[in-house]
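Encoded as structure tokens, the structure appears first; notes follow it.
The values are calculated or read from the model by the stated rules, or taken from the named source; none is laboratory data. Quick caveat, the model's predicted, so the values are computed rather than measured. Cβ coordinates were reconstructed from backbone atoms using ideal geometry, including for glycine residues, and neighbour counts include every protein chain displayed. When the accessible area is computed, the model is the full protein with side chains, heavy atoms only, and any ligands, DNA or RNA have been set aside. Shrake-Rupley method; radii C 1.70, N 1.55, O 1.52, S 1.80 Å.
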Amino acid sequence: MKPIIYTTPTCVYCHALMDWLDQKGILYEERNTLSLDPADEIAKKFGYEFETVPTTIIGDEVIVGFNRPAILRALKRDDKK
């Protein structure tokens, strides 16, 4: 499953995270929290509580901030499923 990254347009860490994922060749989906669709199933599942961006969802794991080791661990766990 592709990581889903909740961002805002002016978030420096969001753009750094996406650049890092691009460099690693990891596909992801970006969702802007400022224009979040009320039908967004992932956001509903986690209660729309994305107070800090970037917030990355990988499977059922929520990673807040640009935490490279946590993202890599979650991607490995998700690949094994």
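Being in contact with a helix residue (DSSP H, G or I) (Cβ under 9 Å, 6 or more places away or on another chain) and open to solvent by 70 Å² or more (accessible area, probe 1.4 Å) narrows it down to one residue among Pro9, Pro54, Pro3; which is it?
Result: Pro9 is the single residue among Pro9, Pro54, Pro3 that is in contact with a helix residue (DSSP H, G or I) (Cβ under 9 Å, 6 or more places away or on another chain) and open to solvent by 70 Å² or more (accessible area, probe 1.4 Å).
Restricting to region 23-57, and then to whatever is in a helix (DSSP H, G or I) and in contact (Cβ under 8 Å) with a residue 12 or more places away in the chain, can you tell me which residue is farthest from Leu75 (Cα to Cα)?
Leu34
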Counted residues, region 33-51 - those being surrounded by 15 or more Cβ atoms within 10 Å (Cβ to Cβ) and either under 14 Å from Ile71 (Cα atoms) or of a type in the set (S, T, N, Q) (or both): 1
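Out of the residues in region 58-81 that are without any contact (Cβ under 8 Å) to a residue 12 or more places away in the chain and assigned to a helix (DSSP H, G or I), which is surrounded by the most Cβ atoms within 10 Å (Cβ to Cβ)?
Ranking the candidates gives Ala70 first.
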